[in-house]
Amino acid sequence: MPGVEAINEVHVSEPGLVVVDVAAADDETAFAFQAVLTGMWAATSVERTTRVPGQPGVRLRCYLDMRQRLNT
């Protein structure tokens, strides 16, 4: 994704670690999806989305640890 840092080796260094890149129509949709992820697994919180000039929608990147399942 333009404007987003490259995926660091440490973010995917073990099974269960995931980098999630989200493309959505708007901020509300992107943050709603992130909320679902953070409700299920330990995940980073992202406070803003990015927009790529000339591309539709917004982008969001978060990191999650599927080894740490949260109680739902």
Checked pairs for region 5-21, first farther than 10 Å from D65 by Cβ, second of a type in the set (A, V, I, L, M) and modelled with pLDDT under 85, C-beta under 8 Å and 6 or more apart or across chains, list as V19/I7; V19/V12; D21/M1; D21/V4
Could you count how many residues in region 23-55 are under 20 Å from M66 (Cα atoms) and not in a strand (DSSP E or B)?
-> 14
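The values are calculated or read from the model by the stated rules, or taken from the named source; none is laboratory data. Please read these numbers as outputs of a predicted model, since none were measured by experiment. Neighbour counts run over all protein chains shown; Cβ positions are idealised from the backbone, glycine included.
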